[in-house]
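Here's the structure we're looking at; comments come further down.
Throughout, read-outs are computed from the coordinates displayed, never taken from laboratory work. What you see is a predicted model, and the numbers here were worked out from it, not measured in a lab. Here the Cβ is made from the backbone with ideal geometry for all residues, glycine too, and neighbour counts use every protein chain on show.
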Amino acid sequence: MSVNKHGNRWRAIVKAGRQYAGSKVFDTRREAETWERRQKALLSGSPDPRAGQQRIGVLLDLWAADRPARVAVTTARAETALLKWVSPALRAVKANAVSAALIEAEFTRLAQAGKARASIARFRNVLGSFFSSLVRDGVIPVSPVRGVRIPTAARATEEVRPYSEAELMARLTIWRALSPIDADTVAFLGMTALRWSEARALRAGDLVEVPTPAIRVERAQPEGTAEPKTPKSGKARRVPLEDAALDIARKWAAGKAPSDRLLPRVHAGGLRLRLDWGNTSQGRTLHDLRHTAITHWLIAGVDVQSVRQWAGHSDLSITSRYAHWVGGDADAAALDRLNRARGAHRGHTEERKEESRDAQ
């Protein structure tokens, strides 16, 4: 037999003719036999009809167990989390019986449950990789994910929740009393729209002051990763620094070599703990500081194309998501200018009262 008891587990052995080709140990006999059949199909170059009879749940578990050896640890971890979204109904279906309609039903279920379209897209990519591996292994002839679109019912990308200028100033007063160093970091994020992974990857040499003060954003380093990678947009960008942000950056860069980290602290968990974030942030996240900077730029009158470039948006439609937030403060400012220009009610009411009192 090519599948044998190995202590409390099962060992599958694969041979090519009389030559040993490989072996692997599994917790159950079924997993060992499934792996053995898939390896034989690979060696022979022809599909094994019995492999297509395996349940998706079993094949998914085998695929996920093999991923850490093939992709980055963080990628494997993210894929494992997304695979939990696979419904019990799909896991129970045989591999050769999975249709495009079943895959579309998975996407529709997630959309109706309120999952963001971007999240469903990531789930689709993981399923696509899994079924493509089954095609390569000769388990199924074609991937059922191919050509299946995410339903339009999927929830739009996350709603932005920026701080108003007054809200941010009030929060910073509280945070500076708790931890001045971390309060500077929060203020910097709220003026530069940097993602946390981009901010923690900054080096002192990324601060430039010619021809104008700016930060070069050339890399990102999510927590838990050893090496930096390219920013989310895939492109480097330059973010101009207003005076307050420049003062903070200069303070951080003082005495450092160009290759030294710019931020004094680079762990979000510690920052949130020191700032008592759960009780002081008004329900916002660190990423909302990025939204805050973008809306403040637009309110200040920076043109949309410049904001798109500073924020590193891949498409102008992403920048336009902030339009309704800008409307609140921008509309109020515009109405105030109109009222003052026409000498009407709200714009000059208080001034007229004061003039009346002075006259008396």
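Once the C-beta distance of ARG9 and VAL71 is scaled by a Förster radius of 30 Å, the resulting FRET efficiency is 0.75 to the nearest 0.05. Each distinct pair of alpha carbons in the stretch 199-266 adds a 1/r term; the inverse of their mean, the Kirkwood radius, is 12.4 Å.
A simple packing score, the average count of other Cβ atoms within 10 Å per residue, orders the peptides 279-288, 245-254 as 245-254, 279-288, with the highest score first. Dipole check for the stretch 160-223: with +1 at the C-beta of Lys and Arg, -1 at the C-beta of Asp and Glu, and the Cα centre as origin, the magnitude is about 120 Debye. Database remark: amide H of HIS6 closer than 5 angstrom to the amide H of ARG11 (H placed geometrically; neighbours at sequence offset of 5 or more, or on other chains; Pro and chain starts carry no H). Around the Cα centre of the stretch 57-113, unit charges on the Cβ atoms of Lys, Arg, Asp and Glu (plus for the first two, minus for the last two) sum to a dipole of about 100 debye. The charge dipole of the stretch 157-305, taken about its Cα centre with unit charges on the Cβ of Lys, Arg, Asp and Glu (plus for the first two, minus for the last two), comes to roughly 440 debye. Ordering ALA204, ALA254, GLN221 by Cα displacement along the dipole of the stretch 190-271 toward the positive end leaves GLN221 in first place; charges were set at the Cβ atoms of Lys, Arg (+1) and Asp, Glu (-1). Full extension of the chain between VAL302 and THR285 yields a length gain of 3.7 nm, computed as 0.36 nm times the residue separation minus the alpha carbon distance.
In the stretch 56-135, the ratio of gyration radius to Kirkwood radius, Rg to Rh, stands at 0.94 when only Cα atoms are counted.
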